[in-house]
């Protein structure tokens, strides 16, 4: 079966979710581009957008329309060539409207899992629960006579477990988009020992056509991205516990969050990142990873406590941030949750005191956004962290310990065989998490302890 034939009938499971809707968008655009080639114009292309939630599917089509229009507006020159034989399409607006209609015509929203029984390719982006995933994939595989390929968007579950428990015979791999799929360039590719070679070849072509950066990860729970993020987060929570001997909880959260963002030159602090992902999602990832990792306690009592009090984070359908560790106003932190008081404490009442305790940043500090745009970024980073190493303030001490731990986690992923090489670890963190530098670097040393 050729690349084009494989993409004539596709199903996306969990199509109404944030990850699933992005996968629907990207795949529908690719399918539409294929359908417009002269040799394919007589062939039907169908994408079954499957979700158990009618409400989620109701929001899918408006989302797709807005996003497809953005794509069309950026590619109007190419689209004029595509529709050059259409004499009725004169204005750019006419061409854009036609392209939107053509892409949307491929998508079939449905709550019926049976719609996947004729697909040759299945994208799975449902709940991160191995029992649920196994049940759904097995049901499709049993009732589908086309021996479909399965691309799982799991961010933590080993692919070989899904393969064995669903009886897929090696017709599955992990194709982990980063959130949101339409924007993020990174895809982690995870193959089990049984994964068929043809799937890997197809995945490479598909990622290239979507202009994604594909980084291979070996089949270990959590893979590279969450393998680092979850351990990074647990280090942050352990630092909170240590700091609470001297400062209240909310102040400890603020200080570690600021250290992980400003002092380490990251796009957002670790607790803001947890809010973005969702506290409940982070808890679920830890639970998925824990049984597969010997000798480590991948559990956060703090997450359990906050979630039990209804603090979950995540995002609203329009992309705005829900309250988590932080309360957000116009998507900016304005207060910090205190589990003892079961409420939020205003940042304005503690920020100045915490900043004084942390001490100043290195004199050559530039914010993350400026750093990633520097032509001589590596030279700047060497100078910046050299100055940070020489400081003995609380903020510098916390930052050096944090940077060292981040480096240790990266090396651990390499030594355990989760990543194949150092550059893969660094690529995931710089591409998928937008860090200005990878965790495996020479900016931090044992002296940092």
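The values are calculated or read from the model by the stated rules, or taken from the named source; none is laboratory data. Predicted model only: the values in this text are computed from it and were never measured. Positions of Cβ are generated from backbone atoms using ideal geometry, with glycine treated the same way; all protein chains shown enter the neighbour counts.
Read through the list (1) part of a helix (DSSP H, G or I); (2) in contact with a helix residue (DSSP H, G or I) (Cβ under 6 Å, 6 or more places away or on another chain); (3) more than 24 Å from residue 280 (Cβ to Cβ), then give the number of the only condition that residue 134 fails.
(3)
With the requirement that a residue be touching a residue at least 12 places away in the same chain (Cβ under 8 Å), farther than 22 Å from residue 128 by Cα and surrounded by fewer than 22 Cβ atoms within 10 Å (Cβ to Cβ), what does the range 267-284 give you?
Scanning the range 267-284 gives a single hit, 267.
Just give me the residues in the range 415-449 being surrounded by 17 or more Cβ atoms within 10 Å (Cβ to Cβ) and under 23 Å from residue 192 (Cα atoms), in sequence order.
Listed by number, the residues that qualify are 418, 419, 424, 425, 426, 427, 428, 429, 432.
Determine, yes or no, whether residue 250 is part of a helix (DSSP H, G or I), in contact (Cβ under 8 Å) with a residue 12 or more places away in the chain and closer than 22 Å to residue 430 by Cα.
no
Give the range 137-159 a look and list any residue that's farther than 22 Å from residue 220 by Cα and touching a strand residue (DSSP E or B) at 6+ places or on another chain (Cβ under 7 Å), or say none.
140, 148
Counting only residues that are within 15 Å of residue 107 (Cβ to Cβ) and either not in a helix (DSSP H, G or I) or not assigned by TED's automatic domain parsing to the domain that holds residue 113 (or both), how many does the range 29-47 have?
Final tally of qualifying residues: 4.
From the list 80, 86, exactly one residue is in a helix (DSSP H, G or I), touching a helix residue (DSSP H, G or I) at 6+ places or on another chain (Cβ under 9 Å) and surrounded by fewer than 20 Cβ atoms within 10 Å (Cβ to Cβ). Which is it?
Answer to the selection: 80.
Just to check your reading of the model, which residue among 100, 50, 68 is under 25 Å from residue 137 (Cβ atoms), assigned by TED's automatic domain parsing to the domain that holds residue 136 and surrounded by 14 or more Cβ atoms within 10 Å (Cβ to Cβ)?
Matching residue, one of 100, 50, 68: 50.
Looking at the range 347-360, is at least one residue crowded, with 16+ Cβ neighbours inside 10 Å, touching a strand residue (DSSP E or B) at 6+ places or on another chain (Cβ under 9 Å) and closer than 19 Å to residue 259 by Cβ?
There is at least one residue in the range 347-360 that is crowded, with 16+ Cβ neighbours inside 10 Å, touching a strand residue (DSSP E or B) at 6+ places or on another chain (Cβ under 9 Å) and closer than 19 Å to residue 259 by Cβ.
Quick one: which of 182, 156, 166 is touching a residue at least 24 places away in the same chain (Cβ under 8 Å) and within 26 Å of residue 305 (Cα to Cα)?
156
Could you tell me whether any residue of the range 365-374 is touching a helix residue (DSSP H, G or I) at 6+ places or on another chain (Cβ under 7 Å), over 30 Å from residue 158 (Cα atoms) and surrounded by 17 or more Cβ atoms within 10 Å (Cβ to Cβ)?
yes
Taking the condition modelled with pLDDT of 95 or more, crowded, with 16+ Cβ neighbours inside 10 Å and either not assigned by TED's automatic domain parsing to the domain that holds residue 22 or not in a helix (DSSP H, G or I) (or both), does residue 304 pass?
Spelling it out, it is not the case that residue 304 is modelled with pLDDT of 95 or more, crowded, with 16+ Cβ neighbours inside 10 Å and either not assigned by TED's automatic domain parsing to the domain that holds residue 22 or not in a helix (DSSP H, G or I) (or both).
Would you be able to say whether some residue in the range 9-17 is at positive phi, under 22 Å from the mean Cα position of the chain (by Cα) and assigned by TED's automatic domain parsing to the domain that holds residue 154?
The answer is yes; a qualifying residue exists.
Residue 129: surrounded by fewer than 21 Cβ atoms within 10 Å (Cβ to Cβ), modelled with pLDDT under 95, in the same structural domain as residue 54 (by TED's automatic domain parsing) and more than 15 Å from residue 50 (Cα to Cα), yes or no?
Against the criterion (surrounded by fewer than 21 Cβ atoms within 10 Å (Cβ to Cβ), modelled with pLDDT under 95, in the same structural domain as residue 54 (by TED's automatic domain parsing) and more than 15 Å from residue 50 (Cα to Cα)), residue 129 qualifies.
Looking at (1) in contact (Cβ under 8 Å) with a residue 12 or more places away in the chain; (2) exposed (fewer than 13 other Cβ atoms within 10 Å of the Cβ), which one does residue 29 not meet, given that it meets all the others?
(2)
Can you confirm whether the range 344-364 contains a residue that is in a strand (DSSP E or B) and touching a residue at least 60 places away in the same chain (Cβ under 8 Å)?
yes
Please go through the range 1-18 and give me each residue that is touching a strand residue (DSSP E or B) at 6+ places or on another chain (Cβ under 9 Å) and either assigned to a helix (DSSP H, G or I) or closer than 14 Å to residue 108 by Cα (or both), ordered by number.
6, 8, 9, 10, 11, 12, 13, 14, 15, 16, 18
Over 20 Å from the mean Cα position of the chain (by Cα) and under 30 Å from residue 175 (Cβ atoms): which single residue out of 445, 415 fits that description?
415
Looking at (1) surrounded by fewer than 22 Cβ atoms within 10 Å (Cβ to Cβ); (2) assigned to a helix (DSSP H, G or I); (3) free of Cβ contacts under 8 Å to residues at least 60 places away in the same chain, which is the only condition residue 21 fails?
Failed condition: (1).
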